[in-house]
Amino acid sequence: MNLQSDDFELFGVPRQFAQDRAALDQRWKDLQREAHPDRFAAQGAAAQRVAMQWSVRINEAYQRLKDPQKRAAYLCELHGAPIRAEDNTAMPAAFLMQQMEWREALEEAASEASLDALDDTVQQARRAALAHCGELIDAQRDYASAAQQVRALMFIARFAQDIDRRREQLGQ
């Protein structure tokens with residue numbers, strides 16, 4: 001194992017958006033087994049510290065690779081298209097209009113059923129955005145457009161959290 005490897009190299013998987021989740025899970029278990037500090041107990045404290053660093057590195061890589069949104073952002077970064085969500089919030093007008101409509105629907109939601117319907121709509125939009133992101137990365141190699149799609153996914157994820165908060169308010 002090489003600490004300089006990117007997550008894909010570390011896990012021995014192709015550097016692409018489409019990934020087999022079961023294979024990632026299995027590879028994570030295998031890598032964790034290899035790097036577990038207990039395996040290095042006889043080699044002393046220094047070897048155990050290195051193993052602990054590897055374990056942390058493996059976990060960080062796994063968290064990025066198993067989450068499609070994080071994986072897409074990571075691929076964009078690797079290919080020179082940083083997400084820059086903190087200073088690049090420009091989005092297409094149609095997306096912003098959709099966000100406004102969702103916000104209005106959330107404010108007007110007075111029942112679990114209306115929140116469920118809105119949540120279904122948002123999750124469908126998330127799935128479509130992820131599919132589009134995969135197409136942009138794997139088929140078109142358009143990382144700049146994929147970065148914009150990742151920013152849209154970040155908006156969608158925040159809105160899904162807002163739905164959950166509204167659901168809690170209704171439950172009180």
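Any read-out appearing in this document is the output of simple, stated calculations on the displayed coordinates, not a laboratory observation. The structure displayed is predicted, hence computed values, not measured ones. A quick note on method: Cβ atoms are made from the backbone with ideal geometry, for glycine too, and the neighbour counts reach across all protein chains shown.
Side notes on the structure shown:
- Here region 1-64 has an Rg and Dmax of 12.4, 40 Å, counting Cα atoms alone.
- Across region 1-119, the volume of the C-alpha convex hull divided among the residues equals 185 Å³ per residue.
- Ranked by how many other beta carbons lie within 10 Å on average, peptides 56-68, 108-120 from highest: 56-68, 108-120
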